[in-house]
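Comments concern the structure below.
The values are calculated or read from the model by the stated rules, or taken from the named source; none is laboratory data. Computed from a predicted structure; not experimentally measured. With ideal geometry, Cβ positions are generated from the backbone for all residues, glycine too; neighbour counts draw on all protein chains shown. The protein model used for the area step is the full one, side chains on, heavy atoms only, and it has no ligands, DNA or RNA in it. Shrake-Rupley method; radii C 1.70, N 1.55, O 1.52, S 1.80 Å.
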Amino acid sequence: MLRRCRCESFRWLSAVLLSLVHGNNFSQQFQERPPCQPGFYCPLGSFTPVPCPKGTYGPIAGAVSTDSCLKCPPHHYCPRTGLSASLPCGPVAQQPLSGQEACVCPGEGQSFQTSDGQCRCTIGYQPANQGDACVHKLYDVCRDGKTRTQYGDCLDRYQWSLQCRQQVCQSAEDYRGYDGELGLCVCREPPGRAACASLCRTRPASELELHCQSSGDMELIWSYDGQVSSVSGSVLETFFKQWDSPGTSLCGSYLNSSHAVYIVQTTEAGFFGLLDGLPKEVQQLFPVTTQQDTQSSAEGDSDVLWKDVEAANISLVRREINSSRSNEEARETSLNGVLNPTTCLHLSDVLLFTVDTRHYPQYDLDNLYNTNGDFDWGAFRQLTEELTLSWTPPSFFAVVFSQPGVYVFTLSSHRHKHMYVRVMPAGGQCYEPGPFFPTIPRHVTRVGISRRRNLLLRPDWLVTGGLLFGAVVILCSCVTLLVSEHTQNTNTLQGF
């Protein structure tokens, strides 16, 4: 402790000497140094804030060392870096230790959700009748040529045809059969990727990239035809907010990083993954200029542009300016994509959904494609609450994938409209530039999606009854045969 105090005294003395040598320049630079926010600490001599590690939190601003990061107390948890306060475990979960990243659910088959502190049934389990415990989910044995769906149901050919024609395919005429191994309806490939053909392969699908700066601020960059436009400011926090800690942004957990952002529109027809172009809701964040605007900008009158954006306190950076508004209008209408796609992503990629009170994504927990039993889907539960209960429902919903695996989402207004997401492990690559592909057996298989096989089956009472009946018949036959032989032997002895 004494040694640390001496070091601090030496640093303070060095700062004083430097201020005497350099005068007001150093003093002004020292005063302009941004204060370190709660949840972070700023070492002396460094202008880069360092987040408190997982299992700790930083309650004060202006901290200079990791000593200011306190361990989470018992019955609390700190699931990510940069937290300014610890989170309680909730009414069910427990955590007797300090400095932990998560709490522990008491029941079998329960997974602790760090987003809201709930204990939910994980993959392969379902709530018991009382609702406070989880039990193994049982599935029927498929007989008589029936095959299993993505939910474990057994369907014959007619049932498959009826479900696919009426529920899954866009129209009955689009039905082309089903894949019994995948449990997947095979529909005619929708227009989108097939229509744009080589364009989808040669041009990157993502035109958006999210940059998380060292200060925790975020910048959204839009690249299009060699032109780059960016936007930053508090408005982006409504797009990319951290659902497990209200009031913070996604960049609070990912400092000094970049994330590819892919846009998915939720419509009555299902999920529409954009391969090219941006929806108007997103374009409105970026500056729109004309040739006349360019000339006026050179004359110093650029302040008149996008006053509504400036009123929202957004910092805009325009690196290259569009030559005409006709290009902008054409860009708004040229939205190419894939309907209800199979998606291949990499770690830390972001899906940005456009949502409204009718159409929004939900995590399809019971789908047999899901592989990540520890997936925290509390953000989807909170989205439902926001859209149904809030007076100001959100228009966007962002999901960042930090763990590899397969994730299935279903549309709130139509549970048979799906989006399948495969997140590659670290170092893994998608087999083809995407990220959106039509949901046909070839693409589903190529990205590594398959139906879960290790299912717990219900007792097959018909087979069991047949075996018991056969055993009884055999036993009776043996007894009859023994009695017959004994009678015959008795008669033979009496004849002698």
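How big is the dipole moment of region 339-388 about its Cα centre under a simple scheme where the beta carbon of each Lys and Arg is +1, that of each Asp and Glu is -1, and everything else is neutral? Debye, nearest 20, please.
Using Cβ point charges on Lys, Arg, Asp and Glu, region 339-388 gives about 140 debye.
Would you list Lys280, Lys146 from the most to the least accessible area, probe 1.4 Å?
Lys280, Lys146
Can you give the FRET efficiency to the nearest 0.05 for Arg157 and Glu432, using r as the Cβ-Cβ distance and R₀ = 30 Å?
0.40
Out of residues 5 or more away from Ile263 or on other chains, whose amide H comes under 5 Å of its own, with H placed 1.01 Å from N in the peptide plane?
Amide H to amide H, under 5 Å and 5 or more residues apart or across chains, Ile263 pairs with Leu274, Leu352.
Fully extended, how many nm does the chain gain between Val228 and Gln170 (0.36 nm per residue separation, minus their Cα-Cα distance)?
17.2 nm
Just reorder Arg148, Arg188, Arg458 by solvent-accessible area, largest first, 1.4 Å probe, all chains present.
The ranking, largest first, comes out as Arg188, Arg458, Arg148.
Show me the ranking of peptides 135-143, 228-236, 476-484 by mean Cβ neighbours inside 10 Å, starting with the highest.
In decreasing order of mean packing, 135-143, 228-236, 476-484 become 228-236, 135-143, 476-484.
When you count, for each residue, the other Cβ atoms within 10 Å and take the mean per peptide, how do 161-168, 76-83 rank with the highest first?
76-83, 161-168
Between Ala102 and residues 5 or more places away or on another chain, which pairs have amide H atoms under 5 Å apart, with H built 1.01 Å from N, and which residues are they?
Cys78
How would His259, His211 line up by accessible area, probe 1.4 Å, largest first?
His211, His259
Quick one: grab Rg to one decimal and Dmax as a whole number for region 101-176, Cα atoms only, in Å.
My reading of the Cα-based Rg and Dmax gives 18.2, 52 Å.
Cross-link partners among lysines for Lys54, C-alpha distance below 21 Å, same-chain residues fewer than 8 apart left out?
Lys71, Lys241
Residue by residue through region 369-381, what is 3J(HN,Hα) from phi via Karplus (6.51 cos²θ - 1.76 cosθ + 1.60, θ = phi - 60°)? Round to whole Hz and write x for glycine and proline.
After applying 6.51 cos²θ - 1.76 cosθ + 1.60, I find 7, 4, 10, 9, x, 9, 5, 8, 9, x, 4, 6, 5 Hz.
If amide hydrogens are placed 1.01 Å from N in the peptide plane, which non-local residues have theirs closer than 5 Å to the one on Gly177?
Distant-sequence amide H within range of Gly177: Val186.
Which value, in Å² and to the nearest 10, is the accessible area of Asp144 when all protein chains are kept and the probe is 1.4 Å?
140 Å²
Zone of Arg452 (label point 7 Å along Cα→Cβ, backbone N under 18 Å): which residues in region 361-399?
362-378
Based only on Cα atoms, what mean projected area does the convex hull of region 131-172 have, in nm²?
Its average projected convex-hull area is 4.3 nm².
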